[in-house]
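Beneath this line is the structure, given in structure tokens, with notes to follow.
Values quoted throughout were computed directly from the atomic coordinates according to the rules given, and no laboratory measurement underlies them. Because the structure is a prediction, the values reported are computed rather than measured. Reconstructed Cβ throughout: ideal geometry from the backbone, glycine too, with neighbour counts over all protein chains shown.
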Amino acid sequence: MQQKIIVIGGGAAGFFGAITSAQNAPKASVLLLEKSGKLLSKVRVSGGGRCNVTHHCFVPSLLSQHYPRGARQLKEAFKTFGSQETVDWFTQRGVQLKAEPDGRMFPTTDNSETIIDCLLQEAKRVGVQIRTGAAVENIQVEESIEGNPVFTLQLSSGERVMADKVLISTGGNPKSNGYDWLRKLGHKIQEPVPSLFTFNVPSSPLKELQGVSVPKAKVRVAGQKLEYEGPLLITHWGYSGPAVLKLSAWGARVFHEQQYTFTALINWIPEYTEESLREHLQAYRQAHPKKVVSTNPLFGLPQRLWKTLCTIAEVPEEVRWAEMPGKNTNKLVEALLRVPVEVKGKTTFKEEFVTCGGVDLASVNMKTMESRVQPGLFFAGEVLDIDGITGGFNFQAAWTTGFLAGKAMATPLPKTAAL
């Protein structure tokens with residue numbers, strides 16, 4: 001009997017699962033169903049239309065550290081299919097990837113259509129059938145005479161399709177009720193909350209500096225162990241850049257519980273301790289006693305930022321280092337190492353719309369991506385409680401889980417009892 005495999009969801013994980021299944025089970029029927037009229041829509045907009053395919057980190061144990069949720073389980077999965085395997089997969093199909101200084105990897109064409117075309121062509125080559133405008137509303141499971149599950153998928157059109165194995169790769173859903181159909185199948189769901197967002201700071205002391213950025217700052221949450229170091233951008237609504245976005249991913253659940261209202265402390269020169277900073281300022285004061293403090297920025301900080309930090313420290317406008325009062329030096333140290341900003345709300349970052357939450361990983365065999373609750377049912381991508389920080393990590397999780405699910409689904413069904 002021909003094995004029938006159905007993949008629900010036409011994103012990165014769904015395509016990779018469908019392609020891998022068809023490659024490994026050439027006699028099987030593989031059908032991919034996408035509810036919208038568009039395929040691979042997230043691939044198209046990722047990285048500003050360039051598609052951040054993966055990250056230039058080829059050590060599984062290090063790669064897995066970039067996932068606030070799913071790190072432990074992905075560490076083993078990456079040993080089977082990690083970043084290097086992703087690069088090799090696309091290279092073997094004529095798509096060259098390049099690494100940028102921050103580790104993000106893009107196609108050399110800098111065009112996401114290159115990735116989309118590759119996936120569509122490969123799906124066609126291995127015989128994956130694709131249907132768009134095919135929304136699955138319900139899944140029913142019955143047991144056949146041979147003891148294997150038989151899945152009946154009810155489409156919104158009223159049509160019913162049958163399958164021996166089903167891969168659910170429908171992506172993350174910001175609303176909890178979007179997972180109700182999976183709860184009905186017996187799966188525990190970790191409540192979805194936003195991840196990867198910028199901080200709104202309506203009363204920011206730096207709001208006039210929109211567009212100013214620093215290559216390295218540390219953002220810490222007061223009263224928490226949460227902190228992240230990296231490039232920081234001042235915006236007209238608050239703060240953005242990798243330091244904030246990545247911190248938002250690690251603190252997604254904490255920030256949700258706090259209703260996105262908390263105090264963040266910004267350290268503009270994280271390479272300095274308070275002691276080493278005071279020594280540096282004292283040495284500079286002795287070397288340049290006649291320089292005006294507020295008009296001669298230190299530590300490579302932008303002029304506008306330095307001047308504003310001096311204003312926060314109440315440094316007199318024309319004061320020279322030789323005349324700098326000790327109390328203002330203390331305040332300047334505070335402003336440089338831990339200026340407090342009151343966060344009140346969040347803003348979605350560009351095209352990033354990652355959700356923390358989804359199918360609980362305890363109910364999934366992470367070696368095969370098969371449900372521990374319902375044999376024959378598989379998961380891949382953001383529908384799982386897996387999410388990474390920015391930098392190509394979410395796509396890598398999609399390729400990895402899609403590959404593992406696709407390979408496992410290609411395994412022939414057990415022989416019937418009659419045989």
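Exposure proxy ranking for THR273, THR411, based on other Cβ atoms within 10 angstrom of each Cβ and starting from the fewest, stands as THR273, THR411. In the stretch 76-184, Cα pairs under 8 Å separated by at least six residues give a relative contact order of 12 percent. In terms of other Cβ atoms within 10 Å, SER21, SER144 run from fewest to most in the order SER144, SER21. Here the Karplus curve 6.51 cos²θ - 1.76 cosθ + 1.60, taken at θ = phi - 60°, turns the phi angles of the stretch 77-87 into couplings of 4, 5, 5, 8, 8, x, 4, 4, 5, 5, 4 Hz, with x standing for Gly and Pro. Residues whose amide H falls under 5 Å from that of LYS216, counting only those 5 or more places apart or on a different chain, are LEU232, with hydrogens built in the peptide plane. Volume of the convex hull of the chain (Cα atoms only), normalised per residue: 147 Å³.
Look at the Cα gyration tensor of the stretch 197-348: its axes a ≥ b ≥ c give a/c of at least 1.5 with a/b over b/c, and that counts as prolate. Projected label points at LYS207 and GLU334, each 7 Å from Cα along the beta carbon direction, are separated by 2.2 nanometres. For the stretch 160-265, trypsin sites (Lys or Arg not before Pro) meeting the loop criterion (DSSP other than H, G, I, E, B) and having at most 11 other Cβ atoms within 10 Å: LYS175, LYS184, LYS225.
Taking a straight line from the alpha carbon of LYS184, these lysines sit under 28 Å away, with near neighbours fewer than eight places off in the same chain left out: LYS4, LYS35, LYS38, LYS42, LYS165, LYS175, LYS367, LYS407. For the stretch 272-401, the square roots of the Cα gyration tensor eigenvalues, ordered a ≥ b ≥ c, give a/c of at least 1.5 with a/b greater than b/c, which places it in the prolate category. Residue separation of VAL59 and GLU314 scaled by 0.36 nm, minus their Cα-Cα distance, works out to 87.0 nm of gained length. Listed by Cβ neighbour count within 10 Å, with the fewest neighbours leading, MET366, MET1, MET162 appear as MET1, MET162, MET366. Taking 7 Å steps out from each Cα toward its Cβ at GLU191 and THR80 produces label points 3.2 nm apart. In the stretch 152-180, which residues have a backbone nitrogen under 14 Å from the label point lying 7 Å from ASP360's Cα in the Cα-to-Cβ direction? Answer for the stretch 152-180: none.
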